[in-house]
1. Run the numbers for Asn46 and Asn199: contour at 0.36 nm per residue of separation, minus the present Cα-Cα distance, in nm.
2. Please give the peptides 260-266, 136-142 ranked by average Cβ packing (other Cβ atoms within 10 Å per residue), highest first, as a rough proxy for protection.
3. Going by a ≥ b ≥ c, the root eigenvalues of the Cα gyration tensor, does the stretch 3-77 fall in the rounded group (a/c under 1.5), the prolate group (a/b larger than b/c) or the oblate group?
4. Summing Lys, Arg as +1 and Asp, Glu as -1, what charge do residues with Cβ under 13 Å from the Cβ of Thr151 carry, Thr151 excluded?
5. Give me the net charge for the shell around Thr243: Cβ to Cβ below 13 angstrom, other residues only, Lys and Arg +1, Asp and Glu -1.
6. State the answer as a single residue: which of Ala249, Asn199, Leu42 lies farthest towards the positive end of the charge dipole of the chain, with beta carbon charges of +1 for Lys and Arg and -1 for Asp and Glu, about the Cα centre.
7. So how far, in whole Å, is the C-alpha centre of the stretch 1-38 from the one of the stretch 393-423?
8. Could you tell me which residue out of Gln14, Thr126, Phe83 lies farthest along the dipole of the chain toward its positive end? Charges go on the beta carbon: Lys and Arg +1, Asp and Glu -1, centred on the Cα centre.
Amino acid sequence: MSCKFKLLLENAEQMVVVCRKEEEFLLQEGMQQLAVLENASLVVGNDGYIKAVGPTELIRNQFSHESFETKIDCSGKCVLPGFIDAHTHPVWAGDRVNEFAMKLAGATYMEIHQAGGGINSTVEYTTAASEEELYCSFKHRLQRMLRAGTTLVECKSGYGLKLETELKMLRVIERAQTEMDIGISSTYCGAHSVPKGKNAVEAADDIITNHLPALKQLALNGEIHVDNIDVFCEKGVFDLDSTKRILQAGKAIGLHLNFHGDELSPMKSAELGAELGAHAVSHLEEISDEGIVALAKTKCSAVLLPTTAYILRLKQPRARDMLNAGVIVSLGSDFNPNAYCLSMPMVMHLACVNMRMSLNEALAAATINAAYALGRSHTHGSLEVGKQGDVVIINSSRWEHLIYQFGGHQELIEYVIIKGKIV
Ligand code: NIG
Ligand code: FE
């Protein structure tokens, strides 16, 4: 006989539900007052969505005659929403470990980029790799993310630049969406670097006249579904005007705008994101005061990436100023061959220590607000009735251990659950 419900989590020492009533995102005050239930239980239905969450006694009485496919006794453990990684570049071939040594010896990111290394070197390896090779390494990376508690991840293309290779990357992302449990928000990032032999204006023209119409057609055919469009808006890469043209063309075919800005140089990218109604702008180490005000006036999220600032020894993103101003702050790992970190617990730790976020703020930024940056906060990012049953269970009676134990998540995370299924 089949069970009526998929999963029961009982007796959790702490259940960090994050928000209580379907909030789209949290601002500073809400982030600081996360809802944490003591001795709590949670029920996921056969459809993978949360049916009940509350005090253990209450849930026990309400569901005493029901059957569950899986029951987990969470005594001595904490239950949290699955983590959401709002920014990654996970599909690529080759290796850039040599560049790490160069950077430690003093080379800057842009020096390496302009000498043909960096993104351009990964483009060469990715162009040469077969679709199957790319899929295998991507799948392995997603499995590692899952083990670190990530249940929804934004995945960019962007190491093809030429249409053919960009589409190869997007097909690989599409395949993972159908074959793996982890949730994916997919991003076309063909404007990640200006291809050899073109300038930014010509590259933007090519994207607008060739790439985007092809993506639109493939979506209509049901072959490739892309959620977001990204541009690397940076001095020496895509200037503000080319960025704007590409993003507007992307918006016109229904993509969410979610782009790299104000990372290495002040570009007024935040202001552009606010003007265009972007869902998110990432990085923002070099954001201006005006950019902070502009973001705070809109619902555009600032996706902060502490690993990049750390590894490139950049200015830290001004998380406190953004939070004080009322910006929707979220977090991502920026996993890529430059910033090789797949773990959101480590990202949260860096956000707390280097960007001075509190533990509560970091968790909200890596759950509900990251979901919002991806346009998914109606289904993801908190443990509320009606949302997807995506859960992380840690073997500790205080949830803060998740962030406090730097690099220790392998031992700490006991279960990762997606739509009520242990993965
Ligand atoms: O977010 N800044 C642009 N893109 C990536 C780096 C990609 C790479 O170096 O391969 C980033 O840091
Ligand atoms: Fe990035």
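Just so it is clear, none of the values below were taken in a lab; they were calculated from the coordinates. Keep in mind that this is a model prediction, so the values were computed, not measured. Quick reminder, even Gly has a Cβ in these numbers, built from the backbone with ideal geometry, and neighbours come from all protein chains shown.
1. 49.8 nm
2. Top of the packing list down: 260-266, 136-142.
3. prolate
4. +1
5. My count for the surroundings of Thr243 gives -3.
6. In the chain, that residue is Leu42.
7. 15 Å
8. Result: Gln14, furthest along the dipole toward the positive end.
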